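These notes concern the structure reproduced below.
The values are calculated or read from the model by the stated rules, or taken from the named source; none is laboratory data. Given the structure is predicted, the values throughout are model-derived calculations rather than measurements. When we count neighbours, we look across all protein chains shown, and the Cβ atoms used for this are built from the backbone with ideal geometry, even at glycine.
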């Protein structure tokens, strides 16, 4: 069973995935010129380069080509490196293409910020919002006793058991961590858009390379966690630096119980083959 507070947390997480980019847009619009066109260009370029082109490469290398699929299966760190570099290259090149060909210049930093809101906003909706809607649906099916009947004919009993266990292990703390991570990722996408816009304005390819590298470095710990090479708590600690500082301050003040409550819960990741099938 999934508790009512967790169900509310799932719904709130889905709603916040839409609220984050919308709120940032209206907050920034009072300080700079933001065009809806540039937001849509950012979202469209992200979808084409990340969700279509990058995913097509993943399908070929991780599924259709048995040689590369076997190599990545046997080398999880190589898989992590490939994943983070592919994400950085496709998304940042897509950012350049979108900015050079489709955006309407509205001044600096407005052009880049609007683009970044579109890019990061769609990412938040696809990864956070839609995933939480799916999770909420699964949780309702589980609570109503219809989970096995719904998936029993198409999913193996082992996979159903793993899905049920994952749903039952959801916590408000974990959902909160994920929601904050999506906000941080959105802010990072806006920051990378500022870097790439500067590269487009000045014609500095070095800045584009810097953006690709920064993107890959940020994604690398997450990719390592997906392959089981790095603890999820460490990744969350890296992404949620303000919380880490708060824990540090509480420990120094001797408030150990409160510090423990701030620690993210260790959550098991699915087996590698399942994760690779979604890349």
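Structural remarks
- Among residues that are surrounded by fewer than 22 Cβ atoms within 10 Å (Cβ to Cβ) and either farther than 15 Å from residue 193 by Cβ or touching a helix residue (DSSP H, G or I) at 6+ places or on another chain (Cβ under 6 Å) (or both), residue 77 is included.
- Residue in the range 113-121 that is surrounded by fewer than 24 Cβ atoms within 10 Å (Cβ to Cβ), within 12 Å of the chain's Cα centre (by Cα) and either within 26 Å of residue 174 (Cβ to Cβ) or without any contact (Cβ under 8 Å) to a residue 24 or more places away in the chain (or both) present: no
- Breaking point among (1) in a helix (DSSP H, G or I); (2) in contact with a helix residue (DSSP H, G or I) (Cβ under 9 Å, 6 or more places away or on another chain); (3) surrounded by fewer than 16 Cβ atoms within 10 Å (Cβ to Cβ); (4) free of Cβ contacts under 8 Å to residues at least 24 places away in the same chain, for residue 105: (1)
- For the range 89-102, a residue qualifies if it is assigned to a helix (DSSP H, G or I), surrounded by fewer than 22 Cβ atoms within 10 Å (Cβ to Cβ) and touching a residue at least 12 places away in the same chain (Cβ under 8 Å), and the qualifying residues are 89, 93, 96, 97, 100.
- Hits in the range 22-46 (condition: farther than 19 Å from residue 104 by Cβ and touching a helix residue (DSSP H, G or I) at 6+ places or on another chain (Cβ under 9 Å)): 22, 24
- Near pairs, Cβ below 7 angstrom, 6+ apart or cross-chain, from the range 162-182 (closer than 20 Å to residue 17 by Cα) to any residue that is in a loop (DSSP other than H, G, I, E, B) and at pLDDT 85 or above: 167/2; 170/2
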